[in-house]
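Input: a single structure, listed below in structure tokens.
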Amino acid sequence: MIDRRAAGAILTIDLDALASNWRRLADRLAPSGTECAGVVKADGYGLGVAPVARTLHAAGCRTFFVAQISEGIALRAALAERPAAVFVLCGLLPGTADLFAAHRLAPALSTPEQIAEWRGLSAELRAALPAPALHLDTGMRRLGLTAAEAESLLADPTALADIAPATVMTHLACADEPEHPLNAEQYDLFARLHAALPGVRGSWANSSGVFLDGAAAFEQARPGVALYGVNPTPHLPNPMAPVVRLEAPILQVRRIDAAESVGYGASHVMAAGSRVATVGVGYADGFSRALSNRGYGVLAGTRVPIVGRVSMDLTTLDVTRVPASEARPGAMIQLIGPDMPIDEVAAHAGTIAYELLTQLGRRYHRVYVGGPEGAAA
Ligand SMILES: *Cc1c(COP(=O)(O)O)cnc(C)c1O
């Protein structure tokens, strides 16, 4: 944990907002009896898997998904003895079954090779492993059994009995575009394959998928990014509460006397009489260099444009519109937060909020607010 006085910026993570976002999605899914799982891969989308998972668990989340085995191990350690199912999306890679067993991780079996790996395990190992998920590829062409592979498995009762999956899942490619025809295609194919697996929980929707009608047809949804305050309905106002706030104190304010450039490459020329404020945040903190001469901070309620290049440790902003009494060293500029939504910062950077979250730097003073007792410990 980096001391506040020793850091260039403060990253505040609102665990109450995280819990309320999970509840909001869970309430939306409740009428159809659809369970709301939580995706906490990539260290809880960069926010710290331990406080994130403990907060989600206290809110009622009982099923978690991570990408890699190492993340599953960290998640189990964070959850300690709390009852929860943990699925690992990379699946059962050769020679890893003992790790799954030791940490009570369930693999999402994604390929015929992984299924063979599972079926080849000793009876002892098999008994020590939680029931796996079957991952079907219904349109992503990334990971999962093809429809043909799934159909030949469904036609093989011995193999199915051998696997005894608890869950069958698929992942949507275009859920954030409700009108995209691939959504209906993926729904139809998954519904057909799921119907051939009676008693097996179907898991279909990611964050944006929760807002599609199809989510209610299945027993589980697996939202990730919306939990962390990112808008799952990009064409509509954000129904989620902001979770992340990034603020940096001004290090210096420079008055520009004649038309002069600022920063590397002299890429921006300031007018005479303007003022530039510098904050100690740069691309080494995950504050993308693509924000050079794009995007804003917020100082004393006013949007202040980023000017010049974002460098490794520093970013410069035009604070001419803010009175000098407020634009002074020590005053805080919000770079991400309720006044500067992460989705908008991502758009300015030419990327998506997923990437900004998971790149959030390691030099910030991190503050966890709210959440259950001990969440941030
Ligand atoms: C990342 C991921 C999710 C969560 O997606 P969001 O868009 O963050 O809600 C769900 N399922 C799978 C397979 C994933 O890889």
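The values are calculated or read from the model by the stated rules, or taken from the named source; none is laboratory data. Bear in mind the structure is a predicted one, so any value in this text is a computation, not a measurement. So basically every Cβ, Gly included, is an ideal-geometry build from the backbone, and we count neighbours across all protein chains shown. Remember, those area values only see protein heavy atoms, side chains included, never the ligands or the DNA or RNA. Shrake-Rupley method; radii C 1.70, N 1.55, O 1.52, S 1.80 Å.
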**Complete:** Helix 49-59 sits off the longest principal axis of the Cα atoms of the chain, rounded to the nearest 10 on a 0 to 90 degree scale, by 70 degrees
**Request:** Kindly identify region 15-228 as rounded, prolate or oblate by the Cα gyration tensor criterion: order the square roots of the eigenvalues as a ≥ b ≥ c, call it rounded if a/c is under 1.5, otherwise compare a/b with b/c, prolate if a/b is larger, else oblate.
**Result:** oblate
**Solvent exposure, largest accessible area first (probe 1.4 Å, DNA, RNA and ligands not counted), of Glu113, Glu373, Glu219** = Glu373, Glu113, Glu219
**Request:** Starting with the highest mean, order 151-163, 314-326, 178-190 by the number of other Cβ atoms within 10 Å, averaged over the residues of each peptide.
**Result:** 314-326, 178-190, 151-163
**Prompt:** If you place +1 on the Cβ of every Lys and Arg and -1 on the Cβ of every Asp and Glu, how big does the dipole about the Cα centre of the chain come out, in debye to the nearest 20?
**Reply:** 1180 debye
**Complete:** Treating only Lys and Arg (+1) and Asp and Glu (-1) as charged, each at its beta carbon, one finds that region 211-291 has a dipole about its Cα centre, in Debye to the nearest 20, of 240 debye
**Request:** Quick one: order His57, His235 from most to least accessible surface, probe 1.4 Å.
**Result:** His235, His57
**Request:** Calculate the length of the line joining the C-alpha centroid of region 286-356 to that of region 171-198, in whole Å.
**Result:** 39 Å
**Item:** Prolate/oblate/rounded label for the chain (Cα gyration tensor, a/c 1.5)
**Value:** prolate
**Request:** Classify region 264-317 as rounded, prolate or oblate from the Cα gyration tensor: take a ≥ b ≥ c as the square roots of its eigenvalues, call it rounded if a/c is under 1.5, otherwise prolate when a/b beats b/c and oblate if not.
**Result:** oblate
**Request:** Measure nothing but the geometry: give the 0 to 90° angle between the long axis through the Cα atoms of 181-195 and the longest principal axis through the Cα atoms of the chain, rounded to 10°.
**Result:** 30 degrees
**Item:** region 244-340, dipole about Cα centre (Lys/Arg Cβ +1, Asp/Glu Cβ -1), debye to the nearest 20
**Value:** 120 debye
**Rounded to 10°, Cα long-axis angle of helix 15-29 versus longest principal axis of the chain** = 40 degrees
**Message:** Which one, Ala376, Pro31, Ala58, is farthest towards the positive end of the dipole of the chain when Lys and Arg carry +1 and Asp and Glu -1 on their Cβ?
**Reply:** Ala376
**Complete:** Of the candidates Leu129, Ala205, Ala17, the farthest towards the positive dipole end of region 15-228 (Lys/Arg Cβ +1, Asp/Glu Cβ -1, centred on the Cα centre) is Ala17
